[in-house]
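The values are calculated or read from the model by the stated rules, or taken from the named source; none is laboratory data. Remember, it's a predicted structure, so these values are computed and weren't measured experimentally. Cβ: placed from backbone, ideal geometry, glycine included. Neighbour counts: every protein chain shown.
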């Protein structure tokens, strides 16, 4: 027999003998037996395995450490290192004839090719009037196509778009313009009962005697250029249509150069926080932040160039601007704006006319869609709807069930995030269970991290609640001109503290417990208002509820529930007590219950609890015994 063959057989025999001496067989041993290592290497491997077995045996005698609440969203899909203008150019070249934007109320439709050209013209006009990289340009308007053109033109020219809530009044407008030093302002003439032209003339009376671009205002010192969206002539302003004609050959060449050299890391947008806790702060977001965030939102929804997205939510908010406009340009999808302000009627008209495949809203808006359809079923057709995003609050199970089962919209996804993270960080998936879609906010985004921490800053075990902290590509650059607030929110390791309380389960799904600042401490017991709110919403007569913490001499704080009933329903405080008794812990049963008709809300539907609390405090100041009438329990 060949000596090499004998040697090989001997090696295999020796391997088998050594392997048999290990009582616990493993897949690693089988691997070793079929690989031609030297006898010495084989012996080393077996010794390592023997050591590992001994270590594992010893470890089994001790309790396993708890898995901690930390998640890292891995992905094979890379982040895009592009500016928004570069992405729009890429998409308009790929899908030139696809419809990019439809403004239903304005009866205006743009293909991607037409959209890109109009945006180029407006951007060139902005450069011609003297705006330069990093200048802030405000947009103060309800939803319209001019809002969208301004958004993309600002990004294309490497300016910073400043979104101003169309519900803001004169004082709030002044605050926003001065906080970030807006040099230009694009504005509508009015919205609902607000006269924007009057507001700006009150703040800058110098405008009436100023030429365009030469404004010197005492109260608005940074503001120079005002662009009125409609066609009426106003002293000191020019109109939107005029800006489209201002750009010359030199401006277009400058614009091309800017588009080619602009950095994805440049700031492109300032979004003011919704003001649920006080004065708004200007979250400063980069191209990289919001372009990538919008991509992963649409990617999870399964968007393509065939999708038509109905966007009835406000553009000034991330919901409309990022989840709507930016999401669409990543995939060549179409955005449909039903109306300048929310209208379920216009939304359902749009779904029917333009065969929308996706629709957005907060839960109350979806309830309005259902109500509008059921009151006029013969004039609407929602059969093309298959997707959608619901955000701002968890979806009631009955509503989600109706949308999936009766409306046949299987892919309604819940999103969680905040402006400071561009804005989404968790999102449910199409195939999630009904329970997960109604009780969780889904799983973490790719290329992102989350940890849940306690008051000492330590990560808590899986299943325990704590503050949600986020790190990743979506974290904002800063709060504009507010270093103190920035350092308080973003730590030295770039973790952003959300102020929200959450719980992560073994699967990586997260539940939102409530706001850290809203947590009620009653006699040492931590009470999360959200838990009580969700239980009370399960009552068939209750439409919505908000639970607050109010001062209490004995326990420090007590629970106060503000309840809005469904139409034609009647309940008393004792009914609420009986509904809670024996179902939730005794100390979680609201001590006080007040029935209300409405809640103060932000434009995006978020409850403003600080305003509710202010009203209750005023009531108490006027009459120290005012709460006695709302008391439903004595302990």
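Below is a table of values for the structure above.
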{"read-out": "Residue match in the stretch 512-527 (condition: in contact with a helix residue (DSSP H, G or I) (Cβ under 8 Å, 6 or more places away or on another chain), at pLDDT below 95 and surrounded by fewer than 16 Cβ atoms within 10 Å (Cβ to Cβ))", "value": "yes"}
{"read-out": "Of all residues making up the stretch 257-269, the number that are assigned to a helix (DSSP H, G or I) and either touching a helix residue (DSSP H, G or I) at 6+ places or on another chain (Cβ under 9 Å) or not assigned by TED's automatic domain parsing to the domain that holds residue 163 (or both)", "value": "3"}
{"read-out": "Options 211, 253, 216; residue that is surrounded by fewer than 19 Cβ atoms within 10 Å (Cβ to Cβ), in the same structural domain as residue 421 (by TED's automatic domain parsing) and not in a loop (DSSP other than H, G, I, E, B)", "value": "253"}
{"read-out": "One residue from 292, 299 being buried (at least 23 other Cβ atoms within 10 Å of the Cβ) and either more than 27 Å from residue 340 (Cα to Cα) or out of contact with any strand residue (DSSP E or B) (no Cβ under 9 Å at 6 or more places or on another chain) (or both)", "value": "292"}
{"read-out": "Sole residue being under 22 Å from residue 304 (Cβ atoms) and under 17 Å from the mean Cα position of the chain (by Cα), chosen from 425, 414, 329", "value": "414"}
{"read-out": "One residue from 564, 554 being out of contact with any helix residue (DSSP H, G or I) (no Cβ under 9 Å at 6 or more places or on another chain), within 20 Å of residue 635 (Cα to Cα) and not in a helix (DSSP H, G or I)", "value": "554"}
{"read-out": "Failed item, numbered, when residue 46 is tested on (1) within 31 Å of the chain's Cα centre (by Cα); (2) at pLDDT below 95; (3) surrounded by 15 or more Cβ atoms within 10 Å (Cβ to Cβ)", "value": "(1)"}
{"read-out": "Matching residues in the stretch 524-538 - criterion: being out of contact with any strand residue (DSSP E or B) (no Cβ under 6 Å at 6 or more places or on another chain), under 20 Å from residue 613 (Cα atoms) and outside any helix (DSSP H, G or I)", "value": "526"}
{"read-out": "Residue among 499, 556, 582 that alone is under 21 Å from residue 71 (Cβ atoms) and either modelled with pLDDT under 95 or assigned by TED's automatic domain parsing to the domain that holds residue 439 (or both)", "value": "499"}
{"read-out": "Selected residue (only one of 329, 309 is in contact with a strand residue (DSSP E or B) (Cβ under 6 Å, 6 or more places away or on another chain), touching a residue at least 40 places away in the same chain (Cβ under 8 Å), within 22 Å of residue 89 (Cα to Cα) and crowded, with 24+ Cβ neighbours inside 10 Å)", "value": "309"}
{"read-out": "Strands (runs of 3 or more DSSP E) wholly inside the stretch 77-177 that include at least 3 residues being modelled with pLDDT of 95 or more and buried (at least 20 other Cβ atoms within 10 Å of the Cβ)", "value": "99-103, 136-140, 160-164"}
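Quick grid of which residues meet (1) in the same structural domain as residue 424 (by TED's automatic domain parsing); (2) under 26 Å from the mean Cα position of the chain (by Cα); (3) buried (at least 18 other Cβ atoms within 10 Å of the Cβ); (4) on the phi > 0 side of the Ramachandran plot:
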{"position": "355", "(1), (2), (3), (4)": "yes, yes, no, yes"}
{"position": "358", "(1), (2), (3), (4)": "yes, yes, yes, no"}
{"position": "361", "(1), (2), (3), (4)": "yes, yes, yes, yes"}
{"position": "369", "(1), (2), (3), (4)": "yes, yes, yes, no"}
{"position": "378", "(1), (2), (3), (4)": "yes, no, no, no"}
{"position": "381", "(1), (2), (3), (4)": "yes, no, no, no"}
{"position": "384", "(1), (2), (3), (4)": "yes, yes, no, no"}
{"position": "387", "(1), (2), (3), (4)": "yes, yes, yes, no"}
{"position": "394", "(1), (2), (3), (4)": "yes, yes, yes, no"}
